[in-house]
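Note sheet for the following structure.
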Amino acid sequence: MTKVAVSGCGHWGKNLVRNFSELGALAAISDTNEGLAQQFSTEFDVPSLDFDSVLRTDCDGIVIAAPAPLHAPLAQKAFAAGKHVYVEKPLAMTLGEAD
């Protein structure tokens with residue numbers, strides 16, 4: 001069975017956490033809001049980890065539902081760690097204009 005970690009348990013992430021849990025594929029969750037992370041950890045009986053710790057787990061993939069400006073940097077770190085990655089849209093965005 002493929003196992004995934006979900007990074008970002010907020011607006012849309014909470015749905016992804018629930019769905020992957022129902023599929024039996026949820027291995028861990030990660031969120032910078034420690035209270036929310038602990039709540040989901042307890043509710044879905046999976047560990048709550050910081051993102052760098054998620055990268056060191058044996059999960060197969062990482063689902064990224066963090067705020068949009070973090071999508072690309074988190075995905076790049078996950079790819080570098082050899083993980084499969086699912087990213088909520090947008091895949092990437094910039095803040096401000098390019099020079």
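The values are calculated or read from the model by the stated rules, or taken from the named source; none is laboratory data. Treat the numbers as computed from the prediction; the structure is a model and nothing was measured. Every residue, glycine as well, gets a Cβ built from its backbone with ideal geometry; the counts of neighbours run over all protein chains shown. The accessibility values were calculated without ligands, DNA or RNA, using every heavy atom of the protein model including side chains. Shrake-Rupley method; radii C 1.70, N 1.55, O 1.52, S 1.80 Å.
Here are the numbers:
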| item | result |
| --- | --- |
| Accessible surface of the chain, 1.4 Å probe, proportion on carbon and sulfur as whole % | 55 |
| Cα-based reach from K89 at 16 Å (exclusive), listing lysines while leaving out same-chain residues under 8 positions away | K14 |
| Cα-centre dipole for the chain with unit charges at Cβ (Lys and Arg positive, Asp and Glu negative), debye to 20 | 220 |
| Gap separating the Cα centres of the stretch 12-42 and the stretch 45-86, nearest whole Å | 13 |
| Dipole axis of the chain (+1 Lys, Arg; -1 Asp, Glu on Cβ), positive-most option in C59, G35, G13 | C59 |
| Helix-only mean residue ellipticity at 222 nm for the chain, each DSSP H run of n ≥ 4 adding -39500 (n - 2.57), per residue, nearest 500 | -10500 deg cm²/dmol |
| 0 to 90° range, to nearest 10: angle between helix 13-22 axis and the chain longest Cα axis | 40 |
| Crossing angle, helix 34-44 versus the chain [Cα axis fit, 0-90 degrees, rounded to tens] | 40 |
| Anisotropy class of the chain from Cα gyration tensor, a/c 1.5 cut | prolate |
